[in-house]
1. Checking residue B:34 against (1) of a type in the set (Lys, Arg); (2) under 34 Å from the mean Cα position of the chain (by Cα); (3) at the interface with another protein chain (Cβ under 7 Å from one of its Cβ atoms): exactly one of these is not met. Which one?
2. Quick check on residue B:77: is it buried (at least 23 other Cβ atoms within 10 Å of the Cβ), more than 16 Å from ligand 1 (Cβ to nearest atom) and away from chain A (no Cβ under 11 Å)?
3. Tell me, yes or no, whether segment B:38-53 has at least one residue that is in contact (Cβ under 8 Å) with a residue 40 or more places away in the chain and small (Gly, Ala, Ser).
4. What strands (runs of 3 or more DSSP E), lying completely within segment A:62-174, carry at least 2 residues that are within 16 Å of ligand 1 (Cβ to nearest atom)?
5. In the list B:737, B:721, which residue meets the criterion of being surrounded by 18 or more Cβ atoms within 10 Å (Cβ to Cβ), of a type outside the set (A, V, I, L, M, F, W, C) and closer than 25 Å to residue B:120 by Cα?
6. Could you go through segment B:88-105 and let me know if any residue there is away from ligand 2 (no atom under 15 Å from the Cβ), more than 21 Å from the chain's Cα centre (by Cα), crowded, with 24+ Cβ neighbours inside 10 Å and aliphatic (A, V, I, L, M).
7. Looking at segment B:424-436 only, could you name the residues that are away from ligand 1 (no atom under 16 Å from the Cβ) and out of contact with any helix residue (DSSP H, G or I) (no Cβ under 6 Å at 6 or more places or on another chain)?
8. Could you identify the single residue in B:151, B:180, B:119 that is away from ligand 1 (no atom under 14 Å from the Cβ), within 14 Å of another protein chain (Cβ to nearest Cβ) and buried (at least 18 other Cβ atoms within 10 Å of the Cβ)?
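The values are calculated or read from the model by the stated rules, or taken from the named source; none is laboratory data. Values in this document were obtained by computation on a predicted structure and should not be read as measured data. As a convention, Cβ positions derive from the backbone with ideal geometry for all residues, glycine included, and neighbour counts pool all protein chains shown.
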Amino acid sequence: MKCNRLVDAGRRQFLRGGMMATAGAVASTVMTPEQAKAQAQGLARVDYPANRLANVADLEVNEPLDVSYPDPDSPGVLLKLGQAVEGGVGPDGDIVAFSVLCPHKGWMMSYSADDKTLNCPGHHSRFDCESGGQQIWGHATSNLAQFQLSVDDDGEIFANGVDELIYGRLSNVL
Amino acid sequence: MAYKRQIDRLPIIPADADEFNVSCHYCIVGCGYKAYTWPMNKQGGTAPSENKFGVDLSEQQFMESEAWYAPSMYNIVKQNGRDVHLVVKPDANCVVNSGLGSIRGARMAENRPSRVTGTQQQRLSDPMVWRNGVWQPTSWDDALDLVARVTAKVVMQGSEDDIVVSMFDHGGSAGGYENTWGTGKLYFDSMKIKNCRIHNRPAYNSEVHSSRDMGVDELNYAYEDYTLTDTIFMVGANSMETQTNLYLNHMVPGLQNGAKMIVVDPRRTLTIASSEQYAGPENVLHLAIKEGTDMALFNALMTHIVDQGWVDSDFITKSTFQGGEAVEQDAAHPAGLGSLDYAMQTCRTSLDEAAEICGVPAADIRQAAEWIAQPHDDGSRRKCVTCYEKGIIWGNDNYRTIGALVNIALATGNVGREGGGVCRLGGHQEGYFRPSEAHVGRPAEYIDQFLIRGLGGVHHIWACDHYKTTLNASEFKRVHKRRSDMVKDAIDMAAGGTREQVVDAIVSAINAGGLFVVDVDIIHSQIGQNAHVILPACESNEMNLTSMNGERRLRLSEKYMDPFGNSKPDALIAAGIAQHMERVLREMGEDAYADQFKGYDWETEEDAFMDGYGSAHTDVTYERLRAAGNNGVQEPVLGYEDGQLVGTPRLYTDGVFTRHGREDGKALFCAAGWRGWQAPGKAREQAAHRFWINNVRANIFWQNQFLDQDNDFVQDRYPHPFVEMHPDDMVDLGLNPGDLLEIINDNGVTQGMAYPMPTLKQNTVAMVFGSPAGSQGNVVNPGVNELVLPDYKHCWGDIRKISDATEQTRNISFKSHEIML
Ligand code: SF4
Ligand code: FES
C-alpha cells in the first residue's frame, strides 16, 4: 500500500514546476496536448480522448495507481475500491478514477486507504472516493473531478471523459 | 452520486475585461476578490496577450495559480441592462486572504441571480402586495403607498411604540454603511422607534456589552497580530470553518512561526484538528469544558496569573482604573466594574474549583495559564491574542463571561500591542452608522415576547428571517402567523374595496390583535410568508457597498451588475418609505410630523453614504475608497495624506481606553461572579433531557442558507440539516447515517438528519444552526440575560427516529470531517 503521506518532494514539485509524477505505475497511452488541442477547437464541448489507463489485472483492492488524463499534465488516481460504487466499472463495479489536484488551490492530494478518501495537505479538504468524489469537508466549491471509465473485453480500462473542470485549466482538454 | 456541474471549459477573461474591487459579502473576514466582466460576444484567448493573466492558458497551471477559476466563480449577469460574462475570483494582492477563496466566498458569482444561467431564481424582482389570496407583483408606488398609509394611521391612532422593527445591523450582504444609515435615519431620526430588534437576537442591543463597558472595543487588533503572537487563545469559535481565511492566512502562519494554540470548546472542532496538523499536537491545548462553564475557567486562569505575578503591572497602573468600584452592579450592568483588586474579590477561583466546575484537569488549566501569561525564560513578556465568538456570545451569562475573558487580556497587557488583542471574531462584516439608539433603553425591550404578548400592530422586517434564527421559535412562529393571518383575512374580506377601505380593514384587524407585516428582503423568506407587503432589496455588488472587516478594514465593494429586476438598495427603499410617509401624513393634515420625513432625496447609495457615514468622516469618499482597493484602510480613518487614506492598524496603542466613554481613559475590570446557569429554565431543561443540543455552524453554509438553499452543490451535500452524533448514541437510538430524526423538548420540536461524528462526546449532538429545513431555534427556550442576550447555545432535548434514510440522504458521504494525512 502506498503511504498515506503521499507528499514526496517529486510529486509535490510536479505542480510547482511541471515535473512528471514518478511514484507508482504510470498510464501508457495518452494524447499529446497538440492532438487534444486539435480536437478541442471549434466544438461547443471539448472532445475527450479515450486513453488506456491500465488493465483490470493490474489493480489490487485499495492500492492506488497513478494515472493521468486527459494528458500527462493532469495527474489522477485509479482505484479498485473492493465494493461496488455508483459509477464504478469493471467486473466488480468498484473501479473509479479521480483527478488528484485539489479543486481548491490545486495542491496534490494523497489517498488514505484507511477510509478511502483523497486528502489535501494544503488546507485539509477531503473527498470521498466511494461517493463520486463528494467533498466530505473542505474549501473547494465543487466535488472532485472524476474520470469516466469503461472496460473492454480484455479488461483494458479506458478513460473517456471528466465530469468537472480540472484544477489549473480552463478547458479540460488543453 | 455527488453533484457534478459537467462543465468542461469556461470562457477566458479577455485582457481588456473590466475589473472591480469586491470584498466578499459573506463572513466578517471580508476577503478581497476581483470581479471581471466583458461583453457576451467576446472572449479572451489562450495566448498570453489575449487573456487577463498574461499567461499561456494552453498549458496546465500550477498550484495556487492566479490564472484559474472554478465554475462556481463564473456566471452571466446583467450590467447596465446588458448580459455580460462575470468572473469573481480571489484577489492574490489582498492582504486579508492573499488569493485564498473559501467554500462560501468562491461561490459568489454562482450565487448571483441570472435569468440566463438560471441561478438564484428565488430572488425577488418586484414589490408584492397581498391581494385576493396571493402575493401580486406591483409597482413601488403602489406597495409603498400601502406601507405608508397603514404605518401612518397606526402611529397617529396610537404611537410610534406600536411599530415594531426587525433590522439587520451588519456590513456585507445587503447591510453596510449605506443601508444601516438608510434604515437608521428612518427609524431613529424621522421616527424614534423603541420596539426594535436585530437580525440575530430578540432585542436592539450589543452582543458584547461588558467589553464595551470595560472600555475595550471588541474589534481592537489587526489580523497580523496572529502571526506576531506567542499564543492564540480561542474561545467558543471554530475559525477554520467560520472565519476560514483569517485562520488559513493569519492563524496558520502564526502556528507555523511557533505560536501555541489554546481552544476552549466542549466539542473537538476542525480548528483543533487542523491546528494539530499545522502546529503539532503538543502545541495545541484543547480545554473541552462542560457546556456553559467558560466563566469559571477564565476566573481560574485569571487567579493563577495574578497569583503567579504574571500580570503586566505597568499597564495595569497606567491604563486601568485604580480606585475600587467604578460602576455598580444594577439593572443595566449585570456585574460591577472597577479595579483589578476589586474584580478579584469576586473572580477568585482556584484551579481545582474550576476543574470541578468545568470538567477538565486542573493541570490543563495551569498549562493554559502558562501559555497565556508566563514570561519567557529570558524574562520578556509573553504575547497572547484572545479571540471569541458565539460560544460565549450566545452562551451562558454573556455579560460576566465576556467580562471575565477581557479581564485576562487587560491583566496581561494584551490590548493595543503587537501580538495581542482581545476580539470577537464576528459573523458578518460590520458597517454600522445610525443616529443614536439611546431612546431604545437598556435593558432594551424583548421584542419577541412583546409580539407574543399581542403588542405592536405593524412589523417592518429588514433582511431578518426569525423563522430560522430566533430562539423560542416554535411559539414565535405560531403567534406571528396567527396575528398576520388576521390581517390577511381582513384584506381578503375587503377585496374590491378602495385603498381607503382596505387600509381601514387592515387597521381594524390590527386593533383586534392582528399584525401588519412588511418584509424587505432579497428572497421570499420563511417569515415573509406572513407578509402583506414584500419589498425586494438588492445586495452588495448589485449596489456599491462599504463595510469593515474583523480588523476594521474599510473597503468599498463595487457595483458590477444591476439589481435583479426592480429590486433596490435598502437605503433607497427606506428613503422611499420616508417619502411616502411624508406625503401621506401631509394628506392627513399632520404637517409637523410629515416634516420629520424630509431629507431623503437620495438618487444613489452613494448619496445615502455621504448623508450618513460621510457626514461624520469627511475624509472618506467613494472615490478615495475605490483608489484604496481591496486593502482599503483600517478604521478609524485619521486623515488623507499624499493621496491616501490614513488608518489605524490597532486600537489603544496609547493605552487610553475609550469605548465606555469615561473621561479618565482607564479600562475597567469586571467582577464576574460565577452563578451557574444564568438564564431561566436552563438548569431544569438540562436535568430533564438526555442530549445537549449544541447549535453549530459549518463552513459550507452562509448563515441561514438564504442563498445556499438554492445552490445545488450545497444542498447535495446536506439535503437536511445535519445532526452530528456519537456513533454509540446512534446505535443506542437505532439510527443509521442519513436517518431522519426529531429533537423534542418543552419548547417545541425540530428535525434533521443523523450524521455520525466519532469525535463528539456522548449525549451531545451538534446541530447546524438556522437551517431552512429544520430550525434549531424551535427547541431553544426563551431564556436571555439581564440585557436580553439570548442563550441559544444551551438547549437540551430527547431524540427519536422518524424515518429511514431517504433516497437523497442515503448516498451522501458520512465520513469524518477530520483530515487523514
Ligand atoms: S473566509 Fe469569509 S470573507 Fe473570506 S471568502 Fe470565505 S466567506 Fe468570504
Ligand atoms: S488546495 Fe486543497 S484544501 Fe486548499
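1. Residue B:34 satisfies all of (1) of a type in the set (Lys, Arg); (2) under 34 Å from the mean Cα position of the chain (by Cα); (3) at the interface with another protein chain (Cβ under 7 Å from one of its Cβ atoms) except (3).
2. yes
3. no
4. Here the list reads A:134-137.
5. B:721
6. Yes: one or more hits.
7. Result: B:436, single match.
8. Just a single option satisfies the conditions, and that option is B:119.
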